[in-house]
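Undergrad: Right, I'll just put the structure down here and ask away after.
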Amino acid sequence: MNVSMTEKEIIKRHLSRKRKRPFPTAIKTFAATLQFYSTKAYEYVRKTFLNILLHPQTIKKWYSSIDAKPGITLEALRTVQAKINEAAAVEKILYFSLVIDDMSIKEEIEIEDDKYYGYVDFGTNPENNDSIPRANHACVLLLVCINGNWKIPVAYYFIKSLNGAERANVIEQVLASLHEVGAKVLNVTMDGTASNISTARCLGANIAAQDLKPYFIHPQSKEKVYIILDACHMIKLIRNSYATSRNMHDSYGNKIDWQYIVHLVKLQEQKGL
């Protein structure tokens, strides 16, 4: 029977009575990976193995980066906390919006100081492993001060893809870290893609007009956090859908013919508008 290194380490730790000995790299990587993709799944596995795996708070500390590596950036959190304290000194409360988006990156592996870069990495410093897929996107989370003239990236991850549940888990982890430094996040802004609509549902919100619930409950403060779909991206989606189908209808069933757009463009060209 083939048993992986991770399974061997879990069994060894389960049989050992020395629970306070350092965790081996195999268990650290397994725990951090599972907790990143699904908090509930990790809690279930940890409970099943009688809590021999790391506490979620310990894993969250690993996610936090102090040298701009993937994960939640500690320098950014400290800066946010300093800004909040400065505002509090003059009796001002700062409010924030959390923006999440993916940036396309070149799919390439680079070697520097005997370390490999370019694989999927969510802040747990994975070891060189051919089984880890190459990253083709960077998932970036940007904190924007609503009543202040500044913004700051607070986390990023190198990813291949994230489904709705995984992305929702990332958002909840970042919200938890921001809550610890006193940041009051009122909304999460994202593009209106199908995966982000699924993310909103996994968080507890519902964007569908039939049963609209444009908010979810903050995992720590228990306050409402609203979902805002980026207006510019939504206009692009409508434009692309309109250009593809060529005919749309308004809420009263009236046809909005594509030819109206064609005539409008011709008029603009004729008038030099």
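Undergrad: Within segment 53-73, does at least one residue satisfy the condition of being touching a His at 6+ places or on another chain (Cβ under 7 Å), modelled with pLDDT under 75 and surrounded by 11 or more Cβ atoms within 10 Å (Cβ to Cβ)?
TA: no
Undergrad: Still on this structure: Taking segment 182-207 as the region of interest, how many residues are out of contact with any His (no Cβ under 9 Å at 6 or more places or on another chain) and within 24 Å of residue 40 (Cβ to Cβ)?
TA: Residues that pass the stated criteria total 15.
Undergrad: Residues of segment 186-224 being assigned to a strand (DSSP E or B), more than 18 Å from residue 156 (Cα to Cα) and in contact (Cβ under 8 Å) with a residue 12 or more places away in the chain, which ones?
TA: Matches in segment 186-224: 186, 187, 215, 216, 217.
Undergrad: Now, a different point. What number of residues within segment 135-149 satisfy the criterion of being assigned to a loop (DSSP other than H, G, I, E, B) and closer than 16 Å to residue 186 by Cβ?
TA: Taking segment 135-149 and keeping what is assigned to a loop (DSSP other than H, G, I, E, B), we get 135-136, 146-149.
Still in the running and closer than 16 Å to residue 186 by Cβ: 146-148.
Total meeting the criteria: 3.
Undergrad: Could you tell me which of the residues 100, 132, 111, 152 is in a strand (DSSP E or B), hydrophobic (A, V, I, L, M, F, W, C) and farther than 24 Å from residue 203 by Cα?
TA: On the way: 100 fails: farther than 24 Å from residue 203 by Cα; 132 fails: in a strand (DSSP E or B); 152 fails: farther than 24 Å from residue 203 by Cα.
Sole residue among the options that is in a strand (DSSP E or B), hydrophobic (A, V, I, L, M, F, W, C) and farther than 24 Å from residue 203 by Cα: 111.
Undergrad: Only one residue in 179, 249 is out of contact with any helix residue (DSSP H, G or I) (no Cβ under 8 Å at 6 or more places or on another chain) and within 28 Å of residue 42 (Cβ to Cβ), so which one is that?
TA: 179
Undergrad: With (1) modelled with pLDDT of 95 or more; (2) assigned to a loop (DSSP other than H, G, I, E, B) as the list, and residue 162 as the residue in question, which single condition is left unmet?
TA: (1)
The values are calculated or read from the model by the stated rules, or taken from the named source; none is laboratory data. Not measured: the values here are computed from a predicted model. Heads up, the Cβs are rebuilt from the backbone with ideal geometry, glycines too, and the neighbour counts pull from every protein chain shown.
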